[in-house]
Amino acid sequence: MEFTNSGEKLTVEAIEKFESKHDLKLTDLFVQFLLETNGGNPEKKTFRISDSQGDGILSRFYSIGDTRNSLSKYIDILEGRIPNDFIPIANDPSGNIICLGMQNEYYENIFFWDHEQENDEADMSNMYFLATNIYEFVENME
């Protein structure tokens, strides 16, 4: 899949520095994805959320090092709002977030976080499973 407006080409060292700064370890497939694209706007944008939610439209994947659509910025903004086992990796035009599972049974899984159903506690009640990993999610977009 083609991407436009991607961040600068990344190195493994830049990703390791990012991980150290945020005290986290990105998933293997997401690291590979960042090395290939470093975020940006995908050519295909439509994805299926669920039967009840219908389809969503992806605005862009966040980048490392990009100030406007920085992964760092969105990790900070959404801290305590999305479940601890997830990081934000993309958004839609309405402020909903595409999240990556970082641990346990959600490792590598991609979820849709609906901000309109946000609770006082960050739990899974407003999270919708999208794909088992980043590549499956991108491949399924239309």
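The values are calculated or read from the model by the stated rules, or taken from the named source; none is laboratory data. Everything quoted here is computed from the prediction, not taken from an experiment. Ideal geometry is used to build each Cβ from the backbone, glycine not excepted, and the neighbour counts take in all protein chains shown.
Looking only at residues of the range 108-128 that are modelled with pLDDT of 95 or more and out of contact with any helix residue (DSSP H, G or I) (no Cβ under 7 Å at 6 or more places or on another chain), we find that the one that is nearest to Leu34 (Cα to Cα) is Asn109. Residues that are assigned to a strand (DSSP E or B) and without any contact (Cβ under 8 Å) to a residue 24 or more places away in the chain were ranked within the range 69-100; the one that is nearest to Glu8 (Cα to Cα) is Ser70. Here Arg68 meets each of (1) over 19 Å from Phe137 (Cβ atoms); (2) modelled with pLDDT of 95 or more with one exception, condition (2). Determine if the range 1-16 includes at least one residue that is under 20 Å from Glu142 (Cα atoms), at pLDDT 95 or above and part of a loop (DSSP other than H, G, I, E, B). The answer is no; no qualifying residue exists. Pairs are defined by a Cβ separation below 7 Å, a sequence spacing of at least 6 or placement on different chains, a first member in the range 121-137 that is in contact (Cβ under 8 Å) with a residue 12 or more places away in the chain and surrounded by 14 or more Cβ atoms within 10 Å (Cβ to Cβ), and a second member that is among the basic types (Lys, Arg) and outside any strand (DSSP E or B); the pairs so defined are Ala122/Arg81.
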